[in-house]
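**Q** This is the structure I want to talk about, given as structure tokens.
The values are calculated or read from the model by the stated rules, or taken from the named source; none is laboratory data. Nothing here was measured: the structure is a model prediction, and the numbers come from that model. Glycine gets a Cβ as well: all are built from the backbone with ideal geometry, and neighbour counts include every protein chain shown.
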Amino acid sequence: MAVLANKADALAMRIAGLDLSQSGWSAPARAEALMRLGAMGLPAKRDEYWRYTDPATLIDAEAPAAAPFTYSDEKMVFTGIDRVRLVFVDGVFDPAASDDPAQAGVELSLLSAGGMLHWARDLYGVLETRGQNPVPRHLAALNTAFATDGVQIRVTGKVTKPVSLIYLHDSDRSDVMLHHCIKLEDGAELTVLENGPAAARLNTVMEVDVARGARFHHIRTQGRDHDRRAATHVFARLAANSLFKSFTLTANGRLTRNEVVLELLGDDCTAHVAGAALGDGAFHHDDTVFVTHVGQRCESRQVFKKVLKNGAIGVFQGKILVKQGAQKTDGYQISQSLLLDEASQFLAKPELEIYADDVKCSHGSTSGAIDDEALFYLRSRGVPLKAAQSLLVLAFLAEAIAEIADEALADDIRIRLENWLVRHEGTR
Amino acid sequence: MLEIKNLHVKLEEEDKAILKGVNLKIEAGSVHAIMGPNGSGKSTLSYVLSGKGGYTVTDGSATLQGAQLLDMEPEDRAAAGLFLAFQYPVEIPGVGNMTFLRTAMNAQRKTRGETELSAGDFLKLVREKAKTLKIDAEMMKRPVNVGFSGGEKKRNEILQMAMLEPRMCILDETDSGLDVDAMKLVADGVNALRDAGRSFLVITHYQRLLDHIKPDVVHIMADGRIVKTGGPDLALEVENNGYADILAEVV
């Protein structure tokens, strides 16, 4: 009972200052999420999926301070990409800094706009709720109850310009919850970009409903600000013949937990989720992925690569669940770390749970240092030590970067990586 | 070109002497061959000269065109004109062969204070050199040495040598794992690079490579020392009688 009481106290403290919106189309979903949250409480180290990542600073009543990050030495990522920019400063939409959403060629609205009727009523909190079983996602329920803003995007056709969500960080105590709903109708196509330091503490939920034959691309960069904390959640549901691809680059940030929960419901769909993480020093990065195969002949790929140095910690918890009847499933999962010193560590928990008898599933997890033979080979040809190390780090990350379909975006990410490596030179 | 004096080297991890006083002087434009039985220290010599870790120099010196080689980082030795064709070229997944070659070339040029080669000039040059070594475009696009056959790896080494135009080339058992045709191709590549300003040190077990790359001087190495030096005939003697006779004679 003491444990339960403590959990209830922690939750009461966490939500004490938060405002539960009582009106508008999202109110019923919020009330329902609060009830679910009351039943499950907040995450604790003893929870199975929080054993490697201490949730303390994610659930404290107040966000730990983090100085805003300023872009002094390089342009923000995606600067050269033709896109529709939507800017949030400490989680508050900034119309002056944003492009006209009408340009996007999509149906787009803001969560903060409220109103009584909205198509997203059938999506907001719905995929999040589905994703709570069998693993509780406490912070996602918290987000559904208390998110202050976010976008709802509905797409019916093929949209060429990416929708770019830019999160700026201004106040060193900002504590932000954003909730996005994205609905791709039959045959639609959309790319969503996310970047920016966001807040001292950020909690996001993105629910993506991908209808028959639709294609969704998600490319995100996060981190940069050494002290910020973030818990992000992507929930997606895939109908027949649809495609979902998500790539995340994380370059520093004190604590990051990225959860991705995918349900491959229809037949013949494809879901790829990939991540490249670079951590130097006080860096804790956690990828927690759950892919459920329901439909037949679906392909899923998880590719996660982490480069860690000076005591940085990487975590990977990836699961493929193949339900009965999901025959001809092709599931692949790889998680690898490159440890640049002995102080850094990588904790991996790959899981497969298969109830169909005609499937192909593979997983692998490795942890290693830079290959001395390769390093010497490069140096013997005249490549200086640091450049040779960078080349090998980029080579290690190449499989994850290859998951970005668009070449211009992939190049942008590569430049980002190279700049990071230059700034964090000297790997031993 | 290259002058090695009284070189003593031991393995860093165990207190085991490998080279026990190597003396060698290679003039500009000449080709020297080192032959010797397994474990005589031939490969160690090539690694120590190119700067591989894991060895400790306990005595002696090596100079390249007057510069103290053993104090330099491997990349600086390369920029100074040293090149080692590896016995076992390393596979580097994720790094394209072209990217690797261009990075290496420009890094060396930069170290020497020269301007970088433009993408167009580089491409033209690499196509021309690759063609003579029968290296196709597809191979150049693949990651460095990944999925290459033994012969392709060795040809790739020679291509790198041709592109980087070093002054002092060390070939460490470049003939191992090659069939007759591949050896001919590699030897032709090497011979095309012979000129008055460039020297070669060819390390091999067998005389057959020396049929194609004709040496000026042949050394026999045994137990960490050069025990006999002679002309091209010395290689034939080894081929006909093995090492035993020569070694017995020396002792």
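**Q** Considering (1) more than 10 Å from every other protein chain (Cβ to nearest Cβ); (2) within 28 Å of A:HIS218 (Cβ to Cβ), say which one A:ASP341 fails and leave the rest.
**A** (2)
**Q** Got a number for residues in the range B:103-131 being under 20 Å from the mean Cα position of the chain (by Cα) and charged (D, E, K, R)?
**A** Number of matching residues: 1.
**Q** Kindly indicate the residue of the range B:5-39 that is surrounded by fewer than 23 Cβ atoms within 10 Å (Cβ to Cβ) and β-branched (Val, Ile, Thr) and also farthest from B:HIS212 (Cα to Cα) among those meeting that condition.
**A** The residue in question is B:ILE18.
**Q** Among (1) within 15 Å of A:ALA29 (Cβ to Cβ); (2) in contact with a Phe, Trp or Tyr (Cβ under 6 Å, 6 or more places away or on another chain), which single condition is A:GLN132 missing?
**A** Tallying (1) within 15 Å of A:ALA29 (Cβ to Cβ); (2) in contact with a Phe, Trp or Tyr (Cβ under 6 Å, 6 or more places away or on another chain), A:GLN132 fails exactly one: (2).
**Q** OK, next. Scanning for something modelled with pLDDT of 95 or more, over 18 Å from A:ASP406 (Cβ atoms) and under 13 Å from the mean Cα position of the chain (by Cα), does the range A:180-197 turn up at least one residue?
**A** Among the residues of the range A:180-197, at least one is modelled with pLDDT of 95 or more, over 18 Å from A:ASP406 (Cβ atoms) and under 13 Å from the mean Cα position of the chain (by Cα), which makes the answer yes.
**Q** From the list A:ARG14, A:ARG30, exactly one residue is closer than 30 Å to A:ALA348 by Cα and not small (Gly, Ala, Ser). Which is it?
**A** A:ARG14
**Q** Only one of A:LEU417, A:LEU409 is within 14 Å of chain B (Cβ to nearest Cβ) and either under 14 Å from A:ALA277 (Cα atoms) or among the hydrophobic types (A, V, I, L, M, F, W, C) (or both); which?
**A** A:LEU417
**Q** Please go through the range B:57-85 and pick out each residue that is out of contact with any His (no Cβ under 9 Å at 6 or more places or on another chain) and of a type in the set (Ser, Thr, Tyr).
**A** Scanning the range B:57-85 gives B:SER61, B:THR63.
**Q** Does the range A:378-395 contain at least one residue that is over 24 Å from A:ASP287 (Cβ atoms), without any contact (Cβ under 8 Å) to a residue 12 or more places away in the chain, of a type outside the set (A, V, I, L, M) and more than 7 Å from chain B (Cβ to nearest Cβ)?
**A** no
**Q** Tell me whether the range A:128-135 contains one or more residues that are at positive phi and in contact (Cβ under 8 Å) with a residue 60 or more places away in the chain.
**A** No, the range A:128-135 has no match at all.
**Q** Quick check on my filter: what residues within the range A:347-364 are surrounded by 17 or more Cβ atoms within 10 Å (Cβ to Cβ) and either within 14 Å of another protein chain (Cβ to nearest Cβ) or not aliphatic (A, V, I, L, M) (or both)?
**A** Hits for the range A:347-364 are A:PRO350, A:CYS361, A:HIS363.
**Q** Does the range B:96-147 hold any residues that are in a loop (DSSP other than H, G, I, E, B), touching a helix residue (DSSP H, G or I) at 6+ places or on another chain (Cβ under 8 Å) and touching a residue at least 40 places away in the same chain (Cβ under 8 Å), and which are they?
**A** Of everything in the range B:96-147, those that are in a loop (DSSP other than H, G, I, E, B), touching a helix residue (DSSP H, G or I) at 6+ places or on another chain (Cβ under 8 Å) and touching a residue at least 40 places away in the same chain (Cβ under 8 Å) turn out to be B:LEU133, B:LYS134, B:ARG142, B:ASN145.
**Q** A further question follows. For residues in the range A:166-221 being of a type in the set (S, T, N, Q) and more than 30 Å from A:LEU264 (Cα to Cα), which is surrounded by the most Cβ atoms within 10 Å (Cβ to Cβ)?
**A** The residue in question is A:SER174.
**Q** If you go through the range A:65-97 one residue at a time, how many are surrounded by 16 or more Cβ atoms within 10 Å (Cβ to Cβ), modelled with pLDDT of 90 or more and within 27 Å of A:ASP411 (Cβ to Cβ)?
**A** 9
**Q** Restricting to the range A:289-308, name every residue that is in a strand (DSSP E or B), charged (D, E, K, R) and either free of Cβ contacts under 8 Å to residues at least 12 places away in the same chain or farther than 18 Å from A:ALA348 by Cβ (or both).
**A** Matches in the range A:289-308: A:GLU299 only.
**Q** Looking at A:ILE334, is it of a type outside the set (Lys, Arg), touching a Gly at 6+ places or on another chain (Cβ under 6 Å), within 14 Å of another protein chain (Cβ to nearest Cβ) and assigned to a strand (DSSP E or B)?
**A** Yes.
**Q** Another question about this same structure. Please go through the range B:142-168 and give me each residue that is away from chain A (no Cβ under 14 Å) and farther than 28 Å from B:LEU2 by Cα, ordered by number.
**A** Passing the criteria: B:GLY147, B:SER149, B:GLY150, B:GLY151, B:GLU152.
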